[in-house]
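Heads up, the thing below is written out as structure tokens.
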Amino acid sequence: MRVLTTIDAVRNEIQKARRKNHSIGFVPTMGALHEGHLTLLRRARRKNKLVVMSIFVNPLQFGPKEDFRRYPRPKKKDIFLAKKENVDIIFYPSVKEMYDERFLTGIRVNEITQTLCGASRPGHFDGVATVVGKLLNIVTPDRLYLGQKDAQQCAVIRQMVRDLNFPVEVIVVPTVREKDGLAMSSRNQYLTAQHRREAPVLYQALTAARLQIRKGERRPEKILRTIRSKILEGSSGKIDYVACVDAKTLEPLGQIKGDVLIALAVWFGKARLIDNILVRPK
Ligand code: AMP
């Protein structure tokens, strides 16, 4: 496994792989690796000759009051874990390597970036789209692996790939959870012991909503009420949003039909946790 910090070095290795006709799988991350990330790496390993992972805490996608500075950066542990998963290349650039002092360009996906997490994190998805666009241009993978945990991010990247003709297949991997249902996240480290005990309520609320839909409920407001009350009764979490949207367009639904994404974001102290489930009504 090689840990490369410059764009030129990555391009060099990619060129070598291309000459040998090797397929390339790419997993972009911000590090602080957990089983969620490792599952993406394993999926990439199964299908591709060359597996590239990036570790980059992207300043562009953090708001001025967000956790960019204190975001965990356990470099040694991440390199150790990646090696165990047989990653071929870690791209580990500095902020300077990615963003020149006169960096002036951005990628903006409209509409679907403005709802859900985009509403409370203005500019976040512009930062995500821009960095993923750059990384795709650097790594030029055949396959890009993303996690369903960040459902809106998946929708935004899929849209960008379609709109801007990136020649890459996007593969979305189901959310990996702790035994008690909590979606794995690097930000779970921010939880206090009490909040950690409470946080599984998010997945419990989502599965209760799914059951309600399976039993025939088709009114989104009923579903949302169930989720909200479960969270408020079962924890001290502060709800940012709970939404029932069309899984593709992320538009709010008047009535539940087709593939539905039920998504939420809830604050536990300083940790803003997100989770979602996809439901296909019978
Ligand atoms: P991050 O390091 O948080 O930017 O995440 C890097 C990639 O891992 C993204 O595609 C995430 O959606 C994915 N990911 C993060 N947590 C999970 C999880 N619990 N299950 C599946 N994928 C995940």
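Here, each number is a calculation from the coordinates, and none is a lab measurement. Note that this is a predicted model, so its numbers are computed, not measured. For neighbour counting, all protein chains shown are included, and Cβ atoms are generated from backbone atoms with ideal geometry for every residue, glycine included.
Among the residues that make up the stretch 135-158, is at least one of them acidic (Asp, Glu) and near the ligand (Cβ under 10 Å from one of its atoms)?
Going through the stretch 135-158, the residues acidic (Asp, Glu) turn out to be 142, 150.
Right, trim to near the ligand (Cβ under 10 Å from one of its atoms) and you get 150.
Yes - at least one qualifying residue is present in the stretch 135-158.
To keep it simple, each residue is scored yes or no on (1) hydroxyl-bearing (Ser, Thr, Tyr); (2) surrounded by fewer than 19 Cβ atoms within 10 Å (Cβ to Cβ); (3) more than 15 Å from the ligand (Cβ to nearest atom).
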residue: Gly181; (1), (2), (3): no, yes, no
residue: Asn188; (1), (2), (3): no, yes, no
residue: Thr192; (1), (2), (3): yes, yes, yes
residue: Ala209; (1), (2), (3): no, no, yes
residue: Arg218; (1), (2), (3): no, yes, yes
Looking at (1) more than 13 Å from the ligand (Cβ to nearest atom); (2) over 24 Å from Val3 (Cα atoms); (3) surrounded by fewer than 16 Cβ atoms within 10 Å (Cβ to Cβ), which is the one condition that is false for Leu116? (3)
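Yes or no, residue by residue, for (1) away from the ligand (no atom under 16 Å from the Cβ); (2) within 21 Å of Leu146 (Cβ to Cβ); (3) surrounded by 15 or more Cβ atoms within 10 Å (Cβ to Cβ):
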{"site": "Lys16", "(1), (2), (3)": "yes, no, no"}
{"site": "Gly25", "(1), (2), (3)": "no, yes, yes"}
{"site": "Val51", "(1), (2), (3)": "no, yes, yes"}
{"site": "Ser94", "(1), (2), (3)": "yes, no, no"}
{"site": "Met98", "(1), (2), (3)": "no, yes, yes"}
{"site": "Asn110", "(1), (2), (3)": "yes, yes, no"}
Could we say that Leu41 is closer than 22 Å to Phe125 by Cβ, assigned to a helix (DSSP H, G or I) and within 16 Å of the ligand (Cβ to nearest atom) here? no
Condition (residue is in contact with a strand residue (DSSP E or B) (Cβ under 9 Å, 6 or more places away or on another chain), more than 14 Å from the ligand (Cβ to nearest atom) and among the acidic types (Asp, Glu)) applied to the stretch 164-178: is it met by at least one residue? yes
List, please: which pairs have Cβ atoms under 6 Å, are six or more places apart or on different chains, and start with a residue in the stretch 196-220 that is at positive phi and end with one that is small (Gly, Ala, Ser) and surrounded by fewer than 19 Cβ atoms within 10 Å (Cβ to Cβ)? none
I'd like to check something: does the stretch 230-248 contain any residue that is out of contact with any Gly (no Cβ under 9 Å at 6 or more places or on another chain), among the small types (Gly, Ala, Ser) and assigned to a strand (DSSP E or B)? yes
